[in-house]
Amino acid sequence: MKIINSIIAMQALAIAPERGERRIVFVPTMGYLHEGHASLLREGRKRGEVLVLSIFVNPIQFGVHEDLDRYPRDLENDCRIAAECGVDIVFIPTAAEMYPPAFQTGVTVRDLALPLCGARRPGHFDGVATVVTKLFNIVRPDVALFGCKDYQQLAVIRRMTSDLNLPIEIVGMPIVREADGLAMSSRNAYLSPHERQSALCLIRAIRKARELFTTGERSVAVLLHEARAVIEKEPAAVIDYVEIRDGELLNELEVADSGTLLAVAVKIGQTRLIDNTVFGEEL
Ligand code: PAF
């Protein structure tokens, strides 16, 4: 497994004639890898000849009061997991090289980036779309894999890839959960043991709404009311949003159907967690 820090070196490998017909499969991450990332890497391993993992805590997708400075990092463990998953190249650029002082270009996906996390984290999806475009241009992948836990992020990246005619297949992979249902996230590392228990209100709310949907409830108002009530029972939880939206365009709906998205964002202490489900699909 090769570790590459320089953009030029990564790009040189990607466009080298020796690449030939070999397909590059790419898993972009911010590091602090967990089983969710490992599932992307294992699937990625099957989809091409060269598997590239990037680790870059992208400063421009964090708001001023967000957790950029304390975002968890553990490169040694990340490299261990990467090697176990058969990664060929770990690309770890520096912020100084990704964003030199003269940098001034951004990629914006308009409507899809507005609701949900976009409304609570202004500029977040511009930061994501910009860095993913840069990484795509550096790594030149044929296929890129992203987790569905960041549902809106995946929708934004799919839109961007299609709108900009990038010849890259985008693969969304199912949410990986702990045994008790908590969605895996690098930010789970912030939770105290007590908060870790409180965090289960997200999956409880999702399960409640799914149960109601399965027994025939289709009213968005009712489904939202019941999901919110589950979270409100948890004293340590503060709802950021609980919303039901069309699964493709993320438009508001009054009636839920198969393919409809339920997305939740909840603060547990200082930690903001997100989770989601699509009605009619497996949890
Ligand atoms: O999902 C993430 O880890 C990040 O948002 C991504 C896609 C690597 C861009 O920084």
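None of the figures in this text is laboratory data; all of them are computed from the coordinates on show. The structure displayed is predicted, hence computed values, not measured ones. Please note: Cβ atoms are built from the backbone with ideal geometry, for glycine as well, and neighbour counts cover all protein chains shown.
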The relative contact order of the chain, taking Cα pairs under 8 Å that sit 6 or more residues apart, comes to a percentage of 17
In nm, the gap between the two label points placed 7 Å beyond Cα toward Cβ at residue 21 and residue 281 is 3.3
P(r) of the chain over all Cα-Cα pairs, 5 Å bins starting at 0, rounded to whole percent, reads 1, 5, 12, 16, 18, 17, 13, 9, 5, 2, 1, 0
For the range 111-240, averaging the sequence separation of alpha carbon pairs under 8 Å that lie six or more residues apart and dividing by its residue count, the contact order in percent is 18
Within the range 201-267, DSSP-loop GluC sites (Glu not before Pro) with at most 10 other C-beta atoms within 10 Å are 254
Projected onto the charge dipole of the chain (unit charges on the beta-carbon of Lys, Arg, Asp and Glu, signs +1, +1, -1, -1), the Cα from 152, 29, 238 with the largest positive-side position is that of 29
Filtered hits (lysines, Cα-Cα < 26 Å from residue 233, offset >= 8 within chain) -> 149, 208, 267
As a percent rounded to 5, the proportion of antiparallel DSSP bridges among beta bridges in the chain is 50
Within the range 1-73, DSSP-loop GluC sites (Glu not before Pro) with at most 10 other C-beta atoms within 10 Å are 21
